[in-house]
1. Sticking with the crude label model, points 7 Å out along Cα→Cβ, report the distance from S417 to M188 in nm, one decimal please.
2. Which of K64/K334; K15/K388; K241/K317 have a Cα-Cα distance over 22 Å?
3. Modelled label-to-label distance, A330 and I126, 7 Å Cα→beta-carbon offset: nm?
4. Ignoring ligands, DNA and RNA, what percent of the 1.4 Å accessible area of segment 258-414 is carbon and sulfur?
5. Tabulate in residue order the Karplus-calculated ³J(HN,Hα) for segment 416-426, using 6.51 cos²θ - 1.76 cosθ + 1.60 with θ = phi - 60°, rounded to whole Hz; enter x for Gly and Pro.
6. For segment 83-149, what does the convex hull of the Cα positions come to per residue, in cubic angstrom?
7. Under 5 Å between amide H atoms, partner at least 5 residues away or on a different chain: which partners does L13 have, H built in plane at 1.01 Å?
8. Determine, from the Cβ-Cβ distance of L392 and F16 and an R0 of 30 Å, the FRET efficiency 1/(1 + (r/R0)^6), rounded to the nearest 0.05.
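The values are calculated or read from the model by the stated rules, or taken from the named source; none is laboratory data. Since this is a predicted model, take the numbers as computed values, not measurements. Cβ atoms come from the backbone with ideal geometry, glycine included; neighbour counts cover every protein chain shown. Note: accessible area is taken over every heavy atom of the protein model, side chains too, but ligands, DNA and RNA are not part of it. Shrake-Rupley method; radii C 1.70, N 1.55, O 1.52, S 1.80 Å.
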Amino acid sequence: MEEKKIPANVKGLSKFDVLNLVIGSIIGWGSFILPGTLFLPTSGVINTVLGLVIGGLFIIVIQKAYQVMLYHHVGEGGEFSYTLANMGKVHGFIVGWSLSLCYLSMIPLNATAYVLILRKIFGEVILWGYMYDFGPTSVYLADILIASAPIIIFTIINLRGLSLSAKIQNIMSSALVLIVIVLFFIIMGKSDLKVFSDNYLGLDKISLAKTASIIAIIPFLFVGFDVVPQVSCDLGFPPSKTHLPTIISIVFGILLYSLLNMIGAFSYGPEEAAKVEWAVASSVTSTTGSIGFFFLLIAIFSAVTGGINGFMISSSKLLGALSNEKLSPAFLGKKNDKNLYPNAILFIAGISLIGPWIGREVIILIVDMASVLAALAYTYVGTIGIRKGKNLFEKIMCAFSGLIGLVFIGLLLIPGSPAQLTKESMFFLIAWTLLGFLFYRFGTRRNEKSKE
């Protein structure tokens, strides 16, 4: 695989840029809503922290396999081009097809979170322009306009160049981290820690099953950690040096998920958290008033915005790489003097703008099944790394990485698993697999004919 250099007129990403890109991609709307809907009611504090730490360590093991990848291979498309170079066209396409949906689905998911945020603030005032019901979701014109705005804005920003989008990402991610940490300590200082301890702490609260239920959703929680390979040709330093910034980002991911969960736990017991409409926001408001809630909103907007930006960057790089290998339409692979794929960015924006029209619930079903596809990519990177590792330690870590990927897949697919996909998500998984098979067969025949 040919290694591509950054044009002289384009500034490469720094390690700080990489750190914030990964944090922004990992932490999204879910980190603010899951404490009340899942973490506290089902796993509490101790089991959630244990699950996040153990799952985060699994992700760090997988990241070691990614370091091996970036040491031996630098190419746009990341895992896709790595698999293509080492295992051939079929396996490369499987990884590329899988990751394309992982990244693409996260953009409308984060964009539609703007609707939820504004509904929390203004209530039914923004529920205007009812259009139709799509599955379990009522679609309003207001929802479409609100969710479309950030997609359009970040399309324009990304077309201006990676340097500008990286600067915005740095501001958003830094604000997110700082605000969450400060709010945590303020709320902890104003809370009754004895009540908190009675509700959540103690050896009797530890449960293997409850911890496993958190570990099972780690692929969804940390799906953004693997965006670095997609920008490996845009770095201002050796790609093999991205390992430490990425690990620090994963640690920050564990920390922020845990702190936000405890912010909710300081004010509500497990049953109360499930009944409150928005446990984290309610805890912040009841403890710090409207000022704390204002800063929480800044953190949420930073997280959601960072997710849209990070996945738009990674999606465009992946689709451009697929096009260059004749596995997606040729127009997506056209690059400009800013080292960008403008047609791919516009295509991604067009696909993402469909999301608000089908409703957030349907998008969530797609994102849930995309966790399987992300775990599949982890498995491929680990498997290839067993051969590529420079020493026994690297080979063992890559073997564990591949095994962890398979465990994640099993947790999502095996009946009775705490994270088993719903029937609806399984339907989308089967449909995406069949569509990929048909697309690959058609594309292969077309390419073969063009070479005759």
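1. Each label point is offset 7 Å from its Cα along the Cβ direction, giving 3.4 nm.
2. K64/K334; K15/K388
3. Going by the 7 Å Cα→Cβ label model, 4.4 nm.
4. Exposed carbon and sulfur together represent 70 percent of the surface.
5. x, 5, x, 10, 4, 5, 6, 4, 5, 5, 4
6. Taking the convex hull of the Cα positions in segment 83-149, it is 114 Å³ per residue.
7. HN-HN under 5 Å from L13: L235, G236.
8. 0.35
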